[in-house]
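Read-outs: derived from the displayed coordinates by stated rules, not from any lab. Since the model is a prediction, treat every value here as computed from it, not as a measurement. For neighbour counting, all protein chains shown are included, and Cβ atoms are generated from backbone atoms with ideal geometry for every residue, glycine included.
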Amino acid sequence: MVFIKRIVFTIIKGNPSKITYPILLLLGTLSSQDLEDLSFGDDASLDIATWNIEWFPKNNQTTVDYVSDIISLMDLDILAIQEVDDTVMLDQMLDELPLYSGYYQSSWFAGLAYIYKTESIEINDIYEIYTTSSYWNAFPRSPMLIDMNFMGDNYLIINNHFKCCGDGILDTVDTSDEENRRYTAINLLKEYIDVNLPESNVIVLGDLNDDISEAPPNNVFQNILNDSTNYRFADLDIAMGNSSEWSFPNWPSHLDHILITDEIFNGSNGLEVQTIKIDEYLDGGWSEYDQNISDHRPVAIKIINQVPFYDINGDGSINESDILLLVSLVLNDNESIGMADINQDSQTDIFDLILLTDFLQNN
């Protein structure tokens, strides 16, 4: 459903440094959604999603038609996919998406793939890691790494599909234990990043087939969670929140995750993460989605380099000085645009001020 927000903004007369932040009041439901209303990405941010697409194509050409439309509407820069079963039909779908290209190694055991927007993404390399037989127990599908550039910044994304199932009990001695296999997999990925990519912008994502919010000692991700200086699950709030936002409603559980390194969450980046509930945009709801598309919802992250958009005075930081300068420009009806035009509508006005104060409130 579509909602509207009432924004109450007050500038204390005579003292523009005292600014109350926007108060967002939910007014109510205006109209129902349909698939054409689906969106996520934009030109100003790096938009990435992970999606277990369940033995693509689940319902043959019908699935191809749905997924092709959904990818166009989500407007992602990169989509990491799990469970590609038919690479011929994947190629046919990519032919229907002129803005995108794709990569897969194989369809062996429902393979991994990437779909990326060719205009915004520069590919440096794509390769698999932990490919030898000694790692097959931990990784039924070898992790697929893409080295890419976006707007001059380098990122490395590692796509995964961990072993499923289990009894919820982590047995660190039994190597055949499903939880043990996931525990070993995530710690091998941590080791790979710590050794090979210690100062890189790294994103680990995929269907990791376990709950990141589970209590120890059975949380297979505990070593990652304990190293909060260097790693953060961007979707942890989703996992700890209402089940309506989880990625796997049939159980229900939240199994699809996005892990980021400190180079991303400690930088000048704004981050937005959400489960994209495509089923809510379909007339037939979850039944239509599950029958024709997948049993998993995509989980997506938006990475925004905030400094160019909010650093009004150009000093490399975003603080009250930027607010004061923007207030002065707005109150004096200054026609200067440049960095002050945050929403890029060719005007410097109260709407830019609202965006700046929202950002400072939330960061």
For the range 35-305, with +1 on Lys and Arg beta carbons and -1 on Asp and Glu, the positive-most of Leu225, Ile71, Gln274 along the dipole: Leu225
For the range 238-243, Karplus couplings with θ = phi - 60° (6.51, -1.76, 1.60), whole Hz, Gly/Pro x: 5, 4, 8, x, 5, 4
Reciprocal of mean inverse Cα separation for the chain (Kirkwood radius, Å): 22.1
Gaussian network model of the chain, Cα within-10 Å springs - most flexible of Gly270, Gly111, Gly152: Gly152
Folded to 0 to 90 degrees: helix 178-196 orientation relative to the chain principal axis, Cα: 60
The chain - charge dipole about Cα centre, Lys and Arg +1 at Cβ, Asp and Glu -1, debye rounded to 20: 780
Approximate spin-label separation Asp333-Asn149, in nm, with each point projected 7 Å along Cα-to-Cβ: 4.6
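Computed FRET efficiency, Cβ-Cβ of Thr172 and Asp65, R0 45 Å: what is it to the nearest 0.05?
Calculated value: 0.50.
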Packing rank of 322-331, 137-146, where each peptide gets the mean count of other beta carbons within 10 Å, highest leading: 137-146, 322-331
Nearest-ten-degree value, helix 60-74 long axis tilted from longest Cα axis of the chain: 30
Modelled FRET efficiency - R0 25 Å, Leu324 with Ser346, Cβ distances, 0.05 increments: 0.65
Nearest-20 debye value, the range 50-101 charge dipole, Cβ charges on Lys, Arg, Asp, Glu: 80
Burial order of peptide ranges 161-170, 79-88 (average beta-carbon count within 10 Å, highest first): 79-88, 161-170
Length gained when the stretch Ser317-Glu36 is fully extended (0.36 nm per residue, less Cα-Cα span): 97.4 nm
The chain, helix-only ellipticity at 222 nm - DSSP H runs n ≥ 4, -39,500 (n - 2.57), divided by all residues, nearest 500: -7500 deg cm²/dmol
Nearest 10 degrees, 0 to 90: helix 320-331 Cα axis against the chain principal axis: 50
Of Trp136, Ile193, Pro98, farthest towards positive along the dipole that unit charges on Lys, Arg, Asp, Glu beta carbons give the chain: Ile193
Per-residue Cβ neighbour rank within 10 angstrom, fewest leading, Leu99, Leu90: Leu99, Leu90
